1. Which residue pairs have Cβ atoms closer than 6 Å, lie 6 or more positions apart in sequence or on different chains, and pair a first residue in region A:74-87 that is at positive phi with a second residue that is in a loop (DSSP other than H, G, I, E, B) and open to solvent by less than 10 Å² (accessible area, probe 1.4 Å)?
2. Condition check: open to solvent by less than 20 Å² (accessible area, probe 1.4 Å) and within 25 Å of A:R223 (Cβ to Cβ). Does A:Y276 satisfy that?
3. May I ask you to say which residue of C:L55, C:L106 is assigned to a strand (DSSP E or B), open to solvent by less than 10 Å² (accessible area, probe 1.4 Å), of a type in the set (A, V, I, L, M) and closer than 19 Å to A:A232 by Cβ?
4. Of the conditions (1) open to solvent by 20 Å² or more (accessible area, probe 1.4 Å); (2) under 28 Å from C:L165 (Cβ atoms); (3) more than 10 Å from every other protein chain (Cβ to nearest Cβ); (4) modelled with pLDDT under 90, C:Q30 satisfies every one except a single condition; which number is it?
5. Got a number for residues in region A:42-74 being at the interface with another protein chain (Cβ under 7 Å from one of its Cβ atoms) and within 20 Å of the chain's Cα centre (by Cα)?
6. Restricting to region B:44-62, and then to whatever is within 19 Å of A:H37 (Cα to Cα) and touching a residue at least 24 places away in the same chain (Cβ under 8 Å), can you tell me which residue is surrounded by the fewest Cβ atoms within 10 Å (Cβ to Cβ)?
7. Give me a count of the residues in region A:224-237 that are in a loop (DSSP other than H, G, I, E, B) and either aromatic (F, W, Y) or buried (at least 17 other Cβ atoms within 10 Å of the Cβ) (or both).
8. Would you tally the residues in region B:119-157 being outside any loop (DSSP other than H, G, I, E, B), closer than 15 Å to B:C41 by Cβ and of a type in the set (V, I, T)?
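The values are calculated or read from the model by the stated rules, or taken from the named source; none is laboratory data. Being a predicted model, the structure only gives us computed values, none of them experimental. Note: ideal-geometry Cβ built from the backbone for every residue, glycine included; neighbour counts use all protein chains shown. Side chains are part of the model used for accessible areas, which takes the heavy atoms of the whole protein and leaves out ligands, DNA and RNA. Shrake-Rupley method; radii C 1.70, N 1.55, O 1.52, S 1.80 Å.
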Amino acid sequence: MSVLTESTIALSSGPVTDPGASQLLEVSMGPQHPSTHGVFRMDVSLDGEQVVKLKPVFGYLHRNHEKIAENESYLGCMPYTDRLDYICSITNNWAYALAVETLAGIKVPERAEYLRVITGELTRLQNHASLVGFLMQDMGASGTPLMYAFREREKILDLFEALTGARMMCNYMRFGGCRVDAPAGWLQQAQKVIDAFPKFLDEFESLLRTNEILMARTQGVGRVSKELAINAGLTGPMARASGVNYDLRKVDSYGIYDRFSFRVPLGEFGDVYDRYMIRLLEMRESLEILKQAMREIPAGPIMDPGTKIRGFRPKAGEAYGRIEAPKGELGFYLISDGTGNPYRFRVRPPSLINLTVLEDMCLGRNVADIVIILGSVDIVLGEVDR
Amino acid sequence: MDEQLKSELRRQGVVATSLQELYNWGRKSSLWPLNFGLACCAIEMIATTMARYDLARFGAEVFRPSPRQADLMIVAGTVTKKMAPQVVRLYNQMPEPKYVISMGACAISGGPFKQGYNVLKGIDRYIPVDVYIPGCPPRPEALIDAFLMLQKKIDEQYLTGPTRPRHLNADMPSEFIVPEFGEHDLVPTQNRDVWQVPLVNISNAGKNESGSD
Amino acid sequence: MNLEAIKSEIEANVPGCRLEIIPNTSPSAQHSLLVDSAHAFTVASFLRDGASVRLDYCSNVTGIDWPLKEISTKTKVKKLVDGVEKDVDEIVKTQTGGYLEAVYHLYSMEQRQGPVILRMRTEDRTDRVHLPSLTPLWRSADFQEREAFDLFGIIFDGHPDLRRLLMWEGFVDHPMRRDYVDPDDYEYEPTAHDEVLKRAKEHQAAEGGL
């Protein structure tokens, strides 16, 4: 047995309480951290447990989408959009297709619009389901909720695979319509998944709705006021949890969204709990849209016959097209100089801009809250860094 | 040991084995991957661990968030130049024996993002890779296949002799150069001990293509 | 409210500002408003707070690089050559570009309007690349202006924390500029051609060759 000698490391002289003291603890969370949802990094200054400063650091997944697109054809950019927000490839396709359609004035046939709505809302379902699963995982509910969520997600991915040939990178939409029509029996299969989905939501809610730990960890945590939400450009469930009534499906009514009746759930407090509940409620509204769309989908062509996809050369000009992606407003800003490649291809990433208020939400909270606050923002690094 | 005798003994209820078999069996049956996702492939990696594909069947469900406790690194996704030093550092922090699966086109060569100014064109420029899985992203079945392939690779290793694995050879390095951020690019741009630029025969290349494109 | 009305409203409220409507000939017809950088901040704050417009939501901020480009157009001109009138080709050279541009897409959440597209241009692409930051007005511009600084090299005066967003500190280039040259991290391709072949040759010459 060795005799313990006195430590040579000087212990700090008491707890740090004076904010002016320079004994703040600097913690670098990420880029490799199990709960940063990818390669995201936060430089956090802590006073004991409390966050006094938080600076997000980006760029660890900066894959140069915008530069690569300048040397790609308009069609060649489509598969790249899959990889922006890699959980929701179909809504990314849609936003890009919409931007090109705005740029070149392309009309989309009826059936294609319905297929877009159906696949888009299915994407929203699987995104929100996995997000609440990940959020629970961040809160310490290791396993069960995420497993439930992924079980449902797999069912939707099977539908995508049957339709497009890929589970995740669907590359499904084209400017002027969709790439392939639904194969025989696909709609019936989708109907089955949609009919079974409320059961999952009920199960999920009964598992967690009155869970005391969930309440204690989420209510009043990470609040964002309505004014700040608007000024900081928050969109999607983040903004609606703060009471901002701004859903592009209602505001722009892009595609055929004016034909469906659905409600926009709004939060009151703008905390993590509201953001969690908004997603659960939005899934129910998506199911409403899906039911109507499945009932009304007409037969017909799925591509605009006048659009030449290969060798597509829009007239010089620019266009900004945006949709309500599951994470918020996803926009594409395209500038054409009349050649076959976009002169400028800009993605307006909802995940990045929703992170603007991350520091505001975390200040004064405990370090353990950072993880769930970040989890409730719903980021995907492919889109944050592009 | 004679294979026939061994199977004869096994039929009698006596298991005879060699230290090498036991050692390899132990290593291959409890690969603990590092909980480390980079991009799109990470989602498929998570899906592989979930109920449907259930990676636990192959003894590899214990994802460790700390490199000190992990022995398998799944490089799941695009490695950017900004991320590359961290990936190498994590690899250096893992204890031997350690293995690397390069999952997806990006981790192999940069994949669709190869032309990007911030994209590393393959993680094998800095660290040795055991199994490559192509795909964008590879399906969960492909990742499981990579696991089986890695297990097979481990199973076939000799504990002694010149072909013995790196961690049993004191002359072989277990840590690799961590690149640094330069003004235009990483410094160095590759670890020449691990990866050499495969030179293309430029005198012939491109001749067939004249006039095309 | 169309762009002309907004323009005249701004001119009435912000004296001295120079505005120009940049027409967009594509079917999208999203015309934009070019504002001089000296008055941009006042114009933008009027757009945000003016009761008639109330553009309270700044959606998208981005940079664009327009390098100096010489466009030569041929025109037939009648000229007297040796006492005879003839059609002669005359080449007129015009220069466009030579500046960096910042573009803001503004919407009104209150009035459900938009987009109003605001553009600002720097004086050149090398030294005089300063533009006023609009982050004090819309916080959503914070990261996006940092990104434009990082990738295009536009310096936003008045930005509270202008650092590189995506590339690392110590990186010197602005990679989204059109004249950016990739570093030589030559990639092997078994059937190299065109650009890759050219770079392979350069690289192998630098390495000592085959």
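1. If the second residue must be in a loop (DSSP other than H, G, I, E, B) and open to solvent by less than 10 Å² (accessible area, probe 1.4 Å), no pairs are left.
2. Numbers: open to solvent by less than 20 Å² (accessible area, probe 1.4 Å): yes; within 25 Å of A:R223 (Cβ to Cβ): yes.
Considered against the rule, which asks whether it is open to solvent by less than 20 Å² (accessible area, probe 1.4 Å) and within 25 Å of A:R223 (Cβ to Cβ), A:Y276 comes out as yes.
3. Details: C:L55 fails: assigned to a strand (DSSP E or B).
Going through C:L55, C:L106 in turn, the sole match is C:L106.
4. That leaves (3) as the condition not met.
5. 8
6. B:V62
7. Residues of region A:224-237 that are in a loop (DSSP other than H, G, I, E, B), as a first pass: A:224-225, A:232-236.
Still in the running and either aromatic (F, W, Y) or buried (at least 17 other Cβ atoms within 10 Å of the Cβ) (or both): A:224, A:232-236.
So the count comes out to 6.
8. Residues of region B:119-157 outside any loop (DSSP other than H, G, I, E, B): B:119, B:123-125, B:131-133, B:140-155.
Okay, now just the ones that are also closer than 15 Å to B:C41 by Cβ, so B:119, B:123, B:131-133, B:140-147.
Applying the additional criterion that residues be of a type in the set (V, I, T) yields B:119, B:123, B:131, B:133, B:144.
Number of matching residues: 5.
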